[in-house]
Every structure is written in structure tokens, then in C-alpha cells.
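I have placed the structure first, in the form of C-alpha cells, so that the comments after it can refer back to it.
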Amino acid sequence: MSDTNRPVRVRFAPSPTGYLHIGGARTALFNWLFARKHGGSFILRIEDTDQSRYVPEAEDDIMASLRWLGLNWDEGPDIGGKAGPYRQSERAELYREWADWLIEHGYAYRCNCSPERLEKVREEQRARGEKPGYDRFCRDRNLGPDIGEHVVRFKMPLEGETTVHDLIRGPITFSNAELQDLVLLKSDGLPTYHLANVVDDHFMEISHIMRADEWIATAPIHWQLYRAFGWEMPAIAHLPVILSPSGHGKLSKRDQAFQEGGTKVLVQVREFREAGYLPEAVVNFLTNVGWAFGDDREVFTPEEAMERFELEDINPAPSKLPYDKLEWLNGVYIREKLTTEELAERLEPFFVEAGCDIGREKLIEAVPLVRNRIKTLPDALDFLAFLCKDEITIEDPQNLIQPKMDAQRTIEALRAAYDTLAAMEGFDVEEQERLLRGLAGEMGLKAGQLLGTLREAVTAQKVSPPLFETMAVIGKETVLKRIVAAAELLEKTVEHEN
RNA sequence: GCCCCCAUCGUCUAGAGGACUAGGACGUGGCCCUUUCAAGGCCAAAACAGGGGUUCGAAUCCCCUUGGGGGCACCA
């Protein structure tokens, strides 16, 4: 509707009040996709005008999380740019100037009502069943700057309607009587979101605003501000919010406690990273919430998405995050999109963190064993625990005994397997398979019985990657030692029972 | 309470008046493959919130109801 010919410049403007939320990441992603599609600029702006809620580590986390996702920005607090500074706390003077301008031109006024009076007014309004809000006591008092502590409020038109054209939803109309004379400049001299946002978007030459749904109610207020300033308002689109899996309200930090099917509900981007999701999978996943690639395709790169991405196609309905789908997608990326070396590289920090620092080379050897078996990076730890230590511990000797076998028969099987493997020249996988299957036949055992026993003996795990490949990675020497140890363990148990 | 937004399988979605016997994906169930676990292959169950219009014809347009969501701060 209000599509302009201006060069595309969009921004992601988080408030550093906490770590980057996945919903914020989605907003950033859609802005980034749009900017990149149109060869425009993606700007990072930090909206830190609320010093009471300021969290010092938040800005670093926001930037680290965006970088992790691959959402690079062209202008921002760390790299500067032609419209800087990009931290609102560093632009305070600008907001004060324009607040003064509004007062001079009759679009705003000073107000020294106390918070107590405001609260009292609201209470009375609520009691009367009216919409709570400022009663405009100071609107026509023409207070000067010498009244001590005060705020600056916007003089909202009292009549008429304001229509905002949302690129996703079409026109949204509000009655001006519903709109408040809201605060533009707080008594600490810093601007509220409304003033800072409008002033910055104007001077940073933002062409399109893409922000969360929850801002819709402020859009007409911002529209009126642009009008008062005589500035052109950027085109605007409100992205649907992400809902809590609990079924109530939007996704929030509180949901981290909410367990569904035993899975932790991830909320912050860093939690997705720590849980072992790949950034490319998270980006793919997020792109498909509120927007769809089309052609029934679920797996695609951001570049492919850019070609088709249109704001008009965004689904205005709020949605939950399909976490199950992310799990599946992550598996797809793990098994199909990364080379062996890349996957080993991604896996390494998780192994080191878990105290299983087996080195890159060993990891590269092990990757083919787990590739099709893991959904998240740390899943590999469960499969490969037998690689972490020289000595493994078989929890219960009974685990060695397969269905329809007994301890004696199992000991025999282990010894025979030992002899067979020890006699091998190398430790070739196919050769192992040929020999051991042959052995099982000779002993009148099913392959599963022999292999099951060996699996437990060699990995101390009921579940492991395929046995022959597994033994090859462990190495012949260690495998033989473990088979001996398992046989001895079982013998001890038998003696003990007698 | 008031204002605003939204509504297709359990979930994420395709669908922009006839091509819909409503498609895909995840998840779920079954079968196949199989040395455990996966992966893979095949199959299945599963939705247009309800009611009124408009139209020859409605998942698609309009209205109402219901349900969900957001907002109503010197927070963003």
C-alpha cells in the first residue's frame, strides 16, 4: 500500500532486557530475508531507553545469537554506519530536540502529574467501567520547561479516525478517541519507545517496519506522530506472535519450565544452540513458521527462501512452534547437509564439554556411525560413550546374555569370537562380518545372539551403532581386551552363583 | 470492561469462487528392511469452528456467534 520507491532499509530493534528470544529471532530473520532479497540494508538498533530493565549481558547475547544464526547486519552498534549511533541511549539529545519541536508546534505538552495522581485517575476510571488512561489534565495548561520534574506528552487528536495500512493485514482503523496522550519523554529525560522509534526510523531512513503483532495497538499512535512531524511513515507489517506450547498466551521465558512429552521448551536462541540444534536448521525451521516456501518443500536454504519471500504471503494468524518438526529438520541437516568433517567439527564442543575429548580425528572416524542416528548434536554422546574411556563398565553381567542363551553358552561365544577376531590379520569390517556370521552358524546361534553379546561386551551399551563398524573404530586391540574382560566378568558371576 | 487482530488435520502449513474426493510436512499407527538403535521404503487414520447470507457455484467474499491472541504504563 504505502510501498515506497525508497531504497530498502529495515531494522531489527531489540531491547536489551534479556537474552535473544526465539520470537525476536524470527522477527530479525524476516527483516533480514526481506533486506537481502531486495539488496537493501539490515540494521541492528539497540533500544536501551529503559534503564530499569537494562541487562548488561543482553546486548552481547543478542549479537552473538544473531551471528550464530547467520543474520549479519550492515549497520549496528558494533560496526557503526551512516546513521549512527545505533544505541538509543547515545541519541538522547536528538529525542529531546524533537520533543521540544513538537511542543513548539503545538503537538505535545509538558505534564507534571504525579504517578500517584495518574494511578488514582486510572482507578476511578476503572471503577466507572471506562477505559483507563491519562485524563489530559495538563493538555491545555501550557506548562513551561521550568516546572521541575515533568514528562512530555503527545497531544493526540480527540476526534476522527486513524487508519494504518498493514502490509499483511490490510487497513486497520482506530477511533482517535481511543488513543492516549501518551508519554514521549520520560522525567529522566529519556524517550519512550514511541518517540525514539519514530525519530530513529525517520533519521535512519527505514523503508519498511516489520515488528511483532503486539505492536499493532501503537501503530496509529506512531502514524499520528509521523503526521505531526510531517515525515513519511515507513511501510509497516506486523508479524504474528509465537504462542506458548502450553496453549495459553505467547511464548515467554516462563514456558521454559513447561515440559511437554518430557521435552524442555526452548525459548532463547542460546538454548537452541546449547541443546545441539544447528543454526541452519533453526533458520530453516523459523522461516516456515508464519510463512511457507510453497511447492510442498520443507527443506531449503535462506537464499532459496529469499527468491520467494513476500510480506503479503505471511500468515497473520499466531502459531505455536512445532518443536517436533525442528527435531526432524535438525536430523535432516545432520544426515544430509553436512560433510563428515563439518559434522565432527560441530560435535567436538559437545564432546569436550561432556569430558569426552577424543580429538577431531577419532570424531571424524565416528561420524559415519552416528550420522543417521542423532537428532541433536549431544545425542551422539549416548551412542559413542564407549569411545570416551579405555575401560568400560558393564552394569549388569546379565546384559551379556542374549535371549535363549545362558551364561555358559555366552562365555563360549565370547571366547570363540575372541579367537576368531584375534586370528584376523587386519580388522576389516566386511571380513569381521563374514567371519562372525560364519561363527554364529557353526555354533548354532542366530547372528543376533552372537552380535548382541559382543555389542554389550564391547560397548557396555544395549544400543549402539552397527557392531562391525563400531569395533573397527574402537580398534582391534581394545576390542579383544574388552571381550576378555566380559568373559571373565561372566565367569566370576557363574562361580559366585555356584 | 473497552479497542484491535486472528481462525484449514494433534502441530506447522498449501489453498487467493469452479482444477478440492481439501494437498504437503512433522508427529501418530501398521507393514517392509534389519545385528541393537536409527535411517530408508510403502500404507493408514486425521481438518475447512458454528450459523446466516452473496452466488448457478464458497475452505475461499460479507455479517453474526463462538473460540484464541494482542493492547489499554514515565516497559519495550
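Some points to look at:
- Converting phi to 3J(HN,Hα) with the Karplus coefficients 6.51, -1.76 and 1.60 and the offset θ = phi - 60°, the stretch A:231-238 yields 9, 7, 7, x, 5, 9, 9, 9 Hz in sequence order, with x at every glycine or proline.
- Between the Cα long axis of helix A:429-443 and the first principal axis of chain A there is an angle of about 50°, rounded to the nearest 10.
- Taking the C-alpha atoms only, the angle from helix A:323-332 to the longest principal axis of chain A is near 60 degrees.
- Taking the alpha carbon gyration tensor of the stretch A:174-275, multiplying each eigenvalue by 5 and rooting it gives semi-axes of 34, 16, 14 Å, largest first.
- Under the shape rule built on the C-alpha gyration tensor, where the axes satisfy a ≥ b ≥ c, the stretch A:77-206 is oblate, since a/c reaches at least 1.5 while a/b does not exceed b/c.
- In terms of packing, defined here as the mean over residues of other Cβ atoms within 10 angstrom, the peptides A:288-294, A:154-160 line up highest first as A:288-294, A:154-160.
- Helix axis angle, A:407-422 relative to chain A longest principal axis, alpha carbon, degrees: 90
- For the stretch A:1-59, the direction-averaged projected area of the alpha-carbon convex hull comes to 4.9 nm².
- Solvent-accessible area per residue in the stretch A:108-165 equals 62 Å², computed with a 1.4 angstrom probe and all protein chains kept.
- Accessible area in square angstrom per residue, the stretch A:313-444, 1.4 angstrom probe: 55
- Residue-span extension gain [A:Glu303 to A:Glu232] - 0.36 nm each, minus C-alpha spacing: 22.5 nm
- A:Met424 versus A:Asp295: modelled label distance in nm, points set 7 Å from Cα along the beta carbon direction: 4.5
- Prolate/oblate/rounded label for the stretch A:150-214 (Cα gyration tensor, a/c 1.5): oblate
- Label-to-label distance, A:Ser319 versus A:Arg6, with points set 7 angstrom from Cα along the beta-carbon direction: 3.0 nm.
- Cα-projected label distance for A:Arg437 with A:Asp140, points at 7 Å along beta-carbon direction, nm: 9.6
- Part-to-part distance (alpha-carbon centres) for the stretch A:453-498 and the stretch A:174-206, which is given in Å: 70
- Mean ellipticity per residue at 222 nm, deg cm²/dmol - from DSSP H runs of n ≥ 4 across chain A, formula -39500 (n - 2.57): -13000 deg cm²/dmol
- Based on the convex hull around the alpha carbon atoms, the stretch A:429-498 presents an average projected area of 5.1 nm².
- Cysteines without a disulfide-compatible partner [chain A; Cβ-Cβ under 4.7 Å]: A:Cys113
- Shape call, chain A: gyration tensor on alpha carbons, a/c limit 1.5: prolate
- The stretch A:397-420 and the stretch A:332-351 have Cα centres separated by 36 Å.
- Among the protein heavy atoms of chain A, carbon and sulfur supply 48% of the accessible surface, probe 1.4 Å, non-protein parts ignored.
- Between the stretch A:92-126 and the stretch A:1-71, the alpha-carbon centres lie 29 Å apart.
- Peptides A:219-228, A:277-286 ranked from most to least packed give A:277-286, A:219-228, packing being the mean of other C-beta atoms within 10 angstrom over each peptide's residues.
The values are calculated or read from the model by the stated rules, or taken from the named source; none is laboratory data. Everything numeric in this text was worked out from a predicted model, so none of it was measured. Here the Cβ is made from the backbone with ideal geometry for all residues, glycine too, and neighbour counts use every protein chain on show. Ligands, DNA and RNA are stripped out before the accessible areas are found, and what is left, the full protein with its side chains, is counted by its heavy atoms. Shrake-Rupley method; radii C 1.70, N 1.55, O 1.52, S 1.80 Å.
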